[in-house]
Amino acid sequence: MAGAVAMLFLGAIPLQEAYAAINLDVIFFLLGMFSVVAAMDLSGLLEYFTLRMLELAKSPQRAFALVLFGMSVMSAFLVNDTLALVATPIMLGLAKQMRIRPEVLLITLAMGVTIGSTVTPIGNPQNLLIALSSGIPNPIFDFLYYLLLPTASCLVVTYLILRVYYRKDLAKSSLESFHAIPVESIKDAKLAKVAAWAGGITVLGFFAVGVARLLGVQGNFNLGTVSLVGATIIFLGSERRREIIKTVDWGIIIFFISLFIVMEGFWQSNALQSLMTYLPALNRADSPTSLVTIITTSLLFSQLLSNVPFVAVYMRVMQAAGFNGLDVKAWMALASASTLAGGLTLLGAASNVIILEEAESRGSGFGFLEFAKVGLLVTVPNILILFFFLSIL
């Protein structure tokens, strides 16, 4: 926000152009999804789903797998940052009952919500930014077509790596004392039902919009407006509207509004154009080289800027190089590489920091170097898998 205000007062961008730079589709999507997820959290529905999933575990190894794969699937549809916040206390409780070091499950959670969020345009903020600002024709199905197979492969490889890396911890753990009763996690049954319906209708709405675009049907609906439908169901069907609104992550919404203004001012000042001379050159006509450049740049610069601000900057770089909505594969490379890059270091993704801060507030956590060691082992093969699939699709 301070950066956006500075852009205005220093004259880098006129006020009306600053307003016009804000992508309302992104803001509406975040407002809608955060409202739905806030209702799920307040009602206890998210905790219920997590405990119901873990109830299937009969051994520490299976619980470990369910944490990685279950959290990955949930993050694909519920925005990974929010899921990271909700799931961290559950992981700490599970670690205590399993008699295992908390950092084992916390880092596994971080990897799961990062990798799983790659596969859809609604899994994380940077994917959403690309889906709604790049001009790609059908975000839901474009993401699934290019990224479903590499994401599934990355999850399997990540599980095998983590299983070997934490084999001593898992060998000493036990699930004998784990007695979860999922139904007790529901704090408000009425709100939970409304949230479940709203969430289901919203996800179906995303796919309906994708199918409509495949059939050539155009209308006033996109990811942003569909998520507002979900929020409307929540606010009409619940009497706890004020609590839900207070629980919405307004920090991220303000962050995005400010980021749009900062990036527009950055562009109009020609500072971004000057920065482009120091970045590897992009050639839209040379697809293989462009893929390597986009993936490598995403991996490195996401560690310096975090992946959401990096994507906001690099989208402008790609558009200046001539990339448009028809270059779907290039945009998928940016979305997936910047997301997977979040697993390399603690600062690569906001979800990592959220998990650590939430854990530290409860007297637990993990170190930067410990995360980086695991991140390096996981991220390098994942990036290679991603490049392989994007090269052949």
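Summary of computed values
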{"item": "Some residue of segment 227-240 being exposed (fewer than 15 other Cβ atoms within 10 Å of the Cβ), closer than 17 Å to Ser35 by Cβ and among the basic types (Lys, Arg)", "result": "no"}
{"item": "In segment 301-317, the residues that are outside any loop (DSSP other than H, G, I, E, B) and closer than 15 Å to Asn127 by Cβ", "result": "Ser302, Asn307, Val308, Pro309, Phe310, Val311, Ala312, Tyr314, Met315"}
{"item": "Residue check, Arg167 at pLDDT 90 or above, touching a Phe, Trp or Tyr at 6+ places or on another chain (Cβ under 7 Å) and open to solvent by 50 Å² or more (accessible area, probe 1.4 Å)", "result": "no"}
{"item": "Tally, over segment 318-337, of residues that are out of contact with any Gly (no Cβ under 9 Å at 6 or more places or on another chain), part of a helix (DSSP H, G or I) and open to solvent by less than 30 Å² (accessible area, probe 1.4 Å)", "result": "9"}
{"item": "Within segment 110-145, tally of residues that are among the acidic types (Asp, Glu) and either open to solvent by less than 10 Å² (accessible area, probe 1.4 Å) or without any contact (Cβ under 8 Å) to a residue 60 or more places away in the chain (or both)", "result": "0"}
{"item": "Within segment 21-87, helices (runs of 4 or more DSSP H) holding 3 or more residues that are under 26 Å from Leu160 (Cβ atoms) and either of a type in the set (A, V, I, L, M) or touching a Pro at 6+ places or on another chain (Cβ under 9 Å) (or both)", "result": "45-54, 60-78"}
{"item": "Checking Met91 against (1) open to solvent by 30 Å² or more (accessible area, probe 1.4 Å); (2) under 10 Å from Ile355 (Cβ atoms), the condition it does not meet", "result": "(1)"}
{"item": "The lone exception for Val156 - which of (1) touching a residue at least 60 places away in the same chain (Cβ under 8 Å); (2) in a helix (DSSP H, G or I) it fails", "result": "(1)"}
{"item": "Complete set of residues in segment 4-55 that are of a type outside the set (A, V, I, L, M, F, W, C) and open to solvent by 40 Å² or more (accessible area, probe 1.4 Å)", "result": "Gly11, Pro14, Gln16, Glu17, Tyr19, Asp25, Asp41, Glu47, Tyr48, Arg52, Glu55"}
{"item": "Among (1) under 23 Å from Asn307 (Cα atoms); (2) at pLDDT 90 or above; (3) in contact with a helix residue (DSSP H, G or I) (Cβ under 8 Å, 6 or more places away or on another chain); (4) assigned to a helix (DSSP H, G or I) - the single one Leu132 does not satisfy", "result": "(2)"}
{"item": "Subset of segment 54-78 (residues that are without any contact (Cβ under 8 Å) to a residue 24 or more places away in the chain and either under 22 Å from Leu340 (Cβ atoms) or of a type in the set (Gly, Ala, Ser) (or both))", "result": "Leu66"}
{"item": "Within segment 252-300, tally of residues that are in a loop (DSSP other than H, G, I, E, B) and of a type in the set (Gly, Ala, Ser)", "result": "3"}
{"item": "Residues (modelled with pLDDT under 90 and in contact with a helix residue (DSSP H, G or I) (Cβ under 7 Å, 6 or more places away or on another chain)) located in segment 239-256", "result": "Thr247, Val248, Asp249, Ile252, Ile253, Phe256"}
{"item": "Inter-residue pairs, beta-carbon under 7 Å, first open to solvent by 60 Å² or more (accessible area, probe 1.4 Å) and in segment 213-226, second assigned to a loop (DSSP other than H, G, I, E, B), 6+ apart", "result": "Arg213/Pro137; Arg213/Asn138; Leu214/Asn138"}
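The values are calculated or read from the model by the stated rules, or taken from the named source; none is laboratory data. Because the structure is a prediction, the values reported are computed rather than measured. Here Cβ is always computed from backbone atoms with ideal geometry, including for glycine, and neighbour counts include all displayed protein chains. Surface accessibility is based on the protein's heavy atoms, side chains included, excluding ligands, DNA and RNA. Shrake-Rupley method; radii C 1.70, N 1.55, O 1.52, S 1.80 Å.
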